[in-house]
Amino acid sequence: MKRVLFLLFTWSLAALFAVAIWRDTDREWTRTQRRFFKTLAKGERRGLSPGIKQLIISDLDRVDRCTTCHLAVDKPQLALAEEPFTAHPGQILQSHPPEKFGCTVCHGGQGLATEAEAAHGDVKHWEEPLLRGPLVQASCARCHGDVQAIAAHAPLAIEGEALFRAKGCYGCHAVRDFGQTVSQDLTAIGSKSYLLMEADFEMMDPPHDRIQWLTSKLRHPRRLNPGVRPEHLPPGEEEVFPSAMPRFGLADDEVRALAVYLLSLTEFNPPVSYTTPAAPPAPAPVYSSAEARGQAVFERFGCAGCHGSGGLGGRHNWNGGLGQEIPSLLHVKAYYGQDIESLKELIRRGRQPVPRADPARPRTLLYMPAWADRIAEEDLDALVAYLLSLSDRLPQAASE
Amino acid sequence: MMPVKQYLKKTKVWKSIFRHDFTDTPRTRLLRVFGNVFLHLHPVRIAKDAIRVTYTWGQGGLSFYLFLVLIVTGILLMFYYRPASSLAYRDIKDLSFALTLGQLLRNMHRWAAHLMVVTVIFHMVRVFLTGAYKPPREYNWVVGVLLLVMTLFLSYTGYLLPWDQLALWAVTVGAQMAANSPMLGSEGPFRLPFITTSNDARFGLIGGTVIGDATLIRFYVLHCIAVPFIFSVFLCVHLWRVRKDSFSKQTGEKVDVWPHLISREFLAALLITVILFVWSIVMNAPLEAEANLNVTPNPSKAPWYFVGLQELLVYFDPWIAGVVLPTLIIVGLMAIPYVDTNPKGIGYWARMRWRRIGGLPVWYPEERPLAVSVFMLGIVMWFVLIFIGTYCRGPNWEWYWPWEPWSHRRIAKLTLKSLPNLWGGLLLAGYFLFGVPVPAKAKRFSGALHLGLGLLMSAALFVPLLIAPDADYPLRSRSQTLFEALGRSTNAPVVAGMYQLVQRGGPWIGYPLIAGLIGLVGLALGWMGTRFARLKDRLYEGLGPLKYAIVMALLLMMMGVLGKIALRLLFGLKYLLSLPAFNFNI
């Protein structure tokens, strides 16, 4: 009996050891490499050896093993049409040599991994997803201080930033040193931890990564954060409003451009030898009129985010006075035409708290912030002139 | 081949290494054991019954073997691991992705550590149940308890080293308990005046005010050098004592250790290696995102063997759950051989029998029934708490059934109230009075005394629930009395039921029914007390006052933990006695 057990155990141990060794030698990347080497003629193999390839970028504190499988990425003469053996498209590698930059600093993903799924960041607990396709443009702005200078290579990043300005996001969100504090600071939204998104992940389709989260949020903010009605709460608890962020009705390509811009806002702090200087400040524009200058102020500070493009209104504010809507600005002249000083005071101080539609329900999430320290007095005068001019867009009474 | 071997055996080199030949004669069997430094810890001959697998289940030997496995795999891991916060996580990734057999190595170390905790606990249970801790082996039991504590501490310090979120926050849970130590913790009760966050027990454990590089190097040295060293010293004592104090089973004829015991040990080691190997091939050791002090996973769980303590945090203040109770458990375990004076039950498993206790069929050991039941209750409680903490707790440490998916959007509201200190103190006093044996002069009134005590406890619990004002009113609560607040809540089924009784049936039906309930509970407690009284008298006579006090205090505290859990889950009670000025809440 003991002899049988002894033989059984020792043999199974030997077999297990063999299995472990076999699994270790026959890994995903070894198979991929074998597939690649088979396509090469004898002469072409010179200088190529099997094994894990890695780019050690000590300046960026990264080790990228992507070239273990992406073997021809910097060797166009050996490249095939099929992934992962394609060459890097375009001329980018000439200005960004892989020895200096590696791969993941631009493309994201898990450089240390040697299995495709893990390397592409499609696994749990890796919070740097692969920036597929045009999303990779998000990485340009992390080093290029002046993205306009590389506009041809990063059109989405530029479009995204322009959209961010145009839709009035700055009215509620701050990015670095500019923007309001009504809502989240977006300075490092591109590295926001997944642990802070878990409640949102429950409301969206997989993949549960930052890209999908940003896209869902931009498409339909309230879907991720629908709030809780009092009847679904324990008795006595205050209701929770849905997300206050307006739905901007963005088209798919606009969502993508904005996502690229937001993904570019990360905590990543490249060494100075990797960065290019920011664009010199543009000369102060000359405006033809006070109204034109006022319109520029209106757009720069993101008033449109809440008051609508051109002050048209229509944005919802849960439990706000005036029919739960943020006031349109078309009637400013009718209200404040005779009392411009109080209009200016309102802009300087903001309006907090906002009057509630139903005093029993919680206070509104959106409010008019104070602009006193942000908008200069001359700009404020121009802004007021612009606001007073908005009523011209109202349909005129028929009799006049 | 044979002539070569014959020649080799005649050479000086061979003879200098091997002192005897290997033919199977009685003489060589002995020589193999005491001629070999690694085997000579064994006796040369041993009782046949002692080496039966079903006596020891090999748990002690396996613990030792797993310790060796951990040393070997640990040394190999040390070649690849650098204990610095910027490198540690990457080194673990390298182990998984780039190193030949690296993942297997890490898996083996991790799973062997878990397995060792299990075998050490099982070894302790076996030693208890076969009475092997009894004289003359009391001291070796104490050493064994120390080894158990060190096993847990070794495992805990190793938990931080991968430097991922799992590690960081599991260690945070443990380190936070140190901050709640009485006197020496910056957040504990009776804090000494000079204790701050930068010189308290937590600071000593993690080497800083937050977990960082200093903690990593500290845990690394503790895990790889300091604790294994002390562990080995105690292990030597433990094994040597097994020889010196003689093995607990001495029946059956004597047989040669080689081959009878050695072969069994070898087979057991082989079997556990096969299991470990399969486990390590099939399942990878967990590795989450890199440690980040700024975001906490929800929930954050301690390593599984400490999850029981973490679950106790629900019911007790951190200094009780995290410091007092573990200390009591360790001290209580060590005290067992010194307070258990029953000479029976050494060297065999007690025979189990079905018996009726008050109509209930109970599977009952024929000998040492009290000792076995109490010890096993403690062990089972420990594992039940671990099970609850591991499988039934989700985000915000809320209750989820194991089959329920977790949700970070679920909104649950617990209504928890404290009894007024006077009533709660009365309840506690009544409970601990139960442990006092009735004096000889009052023996005649024993029944009445116990019934009175039961009624007192029942009243001390229910009366304040009915009449006490809600101390949180009007700041947070919408109800004026405890009865109303807890009666409307969803987490105090007993009080809610009573409240419904009054609401539905009206006060004239409701209150008399409740009074009946109070009386019934009191009588039930009193009846249990009278049943308990005979046991108390027997124990007191057998043990004398000092040992009796120790045994009874430990027993009451263990049952008290159960009682406190029941009070919280059934009555929505948070504290019985609350002295916020001293951070003292029970």
Hey, any hits in the range B:502-511 for a residue that's among the aromatic types (Phe, Trp, Tyr) and over 32 Å from the mean Cα position of the chain (by Cα)? yes
Taking first residues from the range B:560-586 that are without any contact (Cβ under 8 Å) to a residue 12 or more places away in the chain and second residues anywhere that are part of a strand (DSSP E or B) and basic (Lys, Arg), the pairs with Cβ under 7 Å that are 6 or more apart or on different chains are none
Looking at the structure I just gave you, is B:Val127 in the same structural domain as B:Ile386 (by TED's automatic domain parsing) and under 27 Å from B:Ala50 (Cα atoms)? yes
When residues of the range A:264-285 are filtered for being in the same structural domain as A:Arg165 (by TED's automatic domain parsing) and within 28 Å of A:Lys344 (Cα to Cα), how many remain? 0
Looking only at residues in the range B:75-120 that are away from chain A (no Cβ under 13 Å) and among the hydroxyl-bearing types (Ser, Thr, Tyr), which one is farthest from A:Arg65 (Cα to Cα)? B:Thr119
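Out of curiosity, is B:Trp240 away from every other protein chain (no Cβ under 14 Å), surrounded by fewer than 18 Cβ atoms within 10 Å (Cβ to Cβ) and within 29 Å of A:Tyr194 (Cα to Cα)?
On the way: away from every other protein chain (no Cβ under 14 Å): yes; surrounded by fewer than 18 Cβ atoms within 10 Å (Cβ to Cβ): yes; within 29 Å of A:Tyr194 (Cα to Cα): no.
It is false that B:Trp240 is away from every other protein chain (no Cβ under 14 Å), surrounded by fewer than 18 Cβ atoms within 10 Å (Cβ to Cβ) and within 29 Å of A:Tyr194 (Cα to Cα).
Scan the range B:385-404 for residues that are touching a residue at least 40 places away in the same chain (Cβ under 8 Å) and either exposed (fewer than 15 other Cβ atoms within 10 Å of the Cβ) or aliphatic (A, V, I, L, M) (or both) and jot them down. If you could, list the steps in order and put the result at the bottom.
Filtering the range B:385-404 for residues touching a residue at least 40 places away in the same chain (Cβ under 8 Å) gives B:385-386, B:388-390, B:393-397.
Across the range B:385-404, the qualifying residues are B:Leu385, B:Ile386, B:Ile388, B:Asn396.
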Log entry, pairs with first residue in the range B:479-492 being crowded, with 20+ Cβ neighbours inside 10 Å, second being among the charged types (D, E, K, R), beta carbons closer than 7 Å, six or more apart or on different chains, reads B:Ser479/B:Asp470; B:Ser479/B:Arg488; B:Leu482/B:Lys417; B:Leu482/B:Asp470; B:Ala485/B:Lys417; B:Ala485/B:Asp470; B:Leu486/B:Lys417
Looking across the range A:37-54 at residues that are out of contact with any Asp or Glu (no Cβ under 7 Å at 6 or more places or on another chain) and surrounded by 15 or more Cβ atoms within 10 Å (Cβ to Cβ), the single one that is nearest to the other protein chains (Cβ to nearest Cβ) is A:Ile52
Subset of the range B:376-425, residues within 14 Å of chain A (Cβ to nearest Cβ) and either within 14 Å of the chain's Cα centre (by Cα) or part of a helix (DSSP H, G or I) (or both), comes to B:Pro395, B:Asn396
Pairs under 6 Å by beta carbon, first residue within 7 Å of another protein chain (Cβ to nearest Cβ) in the range A:232-243, partner surrounded by fewer than 13 Cβ atoms within 10 Å (Cβ to Cβ) and assigned to a loop (DSSP other than H, G, I, E, B), six or more apart or different chains? A:Pro234/B:Lys413
Condition test on B:Val233, is it in contact (Cβ under 8 Å) with a residue 40 or more places away in the chain and β-branched (Val, Ile, Thr)? no
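With the requirement that a residue be in a loop (DSSP other than H, G, I, E, B) and among the hydroxyl-bearing types (Ser, Thr, Tyr), what does the range A:76-100 give you? Don't jump to the end; show me each part of the working.
From the range A:76-100, those in a loop (DSSP other than H, G, I, E, B) are A:76-91, A:96-97; that's our starting set.
A:Thr86, the sole residue that qualifies.
Please work out if B:Ser63 is closer than 30 Å to B:Gly131 by Cβ and either hydrophobic (A, V, I, L, M, F, W, C) or in the same structural domain as B:Leu115 (by TED's automatic domain parsing) (or both). First the steps, then the outcome.
Values: closer than 30 Å to B:Gly131 by Cβ: yes; either hydrophobic (A, V, I, L, M, F, W, C) or in the same structural domain as B:Leu115 (by TED's automatic domain parsing) (or both): yes.
Answer is yes for this residue.
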Search result, residues across the range B:262-304 that are in contact with a strand residue (DSSP E or B) (Cβ under 7 Å, 6 or more places away or on another chain) and farther than 22 Å from B:Ala88 by Cβ: B:Pro299
Checking B:Ile51 against (1) surrounded by 16 or more Cβ atoms within 10 Å (Cβ to Cβ); (2) at pLDDT 90 or above, the condition it does not meet: (2)
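Please count how many residues of the range A:107-147 are of a type outside the set (Val, Ile, Thr), part of a loop (DSSP other than H, G, I, E, B) and within 14 Å of chain B (Cβ to nearest Cβ).
Here is the first cut: in the range A:107-147, the residues of a type outside the set (Val, Ile, Thr) are A:107-113, A:115-122, A:124-135, A:137-146.
Checking the rest, the ones that are also part of a loop (DSSP other than H, G, I, E, B) come to A:108-113, A:115, A:120-122, A:124-132, A:145-146.
Filter once more, keeping what is within 14 Å of chain B (Cβ to nearest Cβ): A:109-113, A:115, A:120-121, A:124-129.
The total comes to 14.
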Please verify whether B:Leu261 is of a type in the set (A, V, I, L, M) and touching a residue at least 12 places away in the same chain (Cβ under 8 Å), treating the condition exactly as stated. yes
If B:Tyr133 meets every condition in (1) more than 14 Å from chain A (Cβ to nearest Cβ); (2) in a helix (DSSP H, G or I); (3) aromatic (Phe, Trp, Tyr); (4) crowded, with 21+ Cβ neighbours inside 10 Å apart from one, which number is that one? (2)
Looking only at the range A:215-244, which residues are touching a Leu at 6+ places or on another chain (Cβ under 7 Å), of a type in the set (A, V, I, L, M) and part of a loop (DSSP other than H, G, I, E, B)? A:Ala244
With the condition being polar (S, T, N, Q) and under 23 Å from B:Phe266 (Cα atoms), I'd like the helices (runs of 4 or more DSSP H) fully within the range B:1-82 carrying at least 2 qualifying residues. B:53-56, B:59-78
Would a scan of the range B:460-468 turn up a residue that is more than 14 Å from chain A (Cβ to nearest Cβ), within 30 Å of B:Arg538 (Cβ to Cβ), touching a helix residue (DSSP H, G or I) at 6+ places or on another chain (Cβ under 9 Å) and of a type outside the set (Phe, Trp, Tyr)? yes
When only residues in the range B:461-476 that are touching a residue at least 40 places away in the same chain (Cβ under 8 Å) and out of contact with any Pro (no Cβ under 6 Å at 6 or more places or on another chain) count, which is surrounded by the most Cβ atoms within 10 Å (Cβ to Cβ)? B:Leu465
Hey, can you tell me all the residues within the range B:276-298 that are more than 10 Å from chain A (Cβ to nearest Cβ) and in contact (Cβ under 8 Å) with a residue 40 or more places away in the chain? B:Trp279, B:Met283, B:Asn284, B:Ala285, B:Ala291, B:Leu293
Flag if A:Arg34 is surrounded by 12 or more Cβ atoms within 10 Å (Cβ to Cβ) and either outside any loop (DSSP other than H, G, I, E, B) or more than 13 Å from chain B (Cβ to nearest Cβ) (or both): no
Could you please find all residues in the range A:20-31 being surrounded by fewer than 15 Cβ atoms within 10 Å (Cβ to Cβ), in a helix (DSSP H, G or I) and within 14 Å of chain B (Cβ to nearest Cβ)? A:Ile21, A:Trp22, A:Arg23, A:Thr25
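The values are calculated or read from the model by the stated rules, or taken from the named source; none is laboratory data. A quick note: this is a predicted structure, and the numbers were derived from the prediction, not measured. FYI the Cβ positions are ideal-geometry reconstructions off the backbone, even for glycines, and counts take in every protein chain you see.
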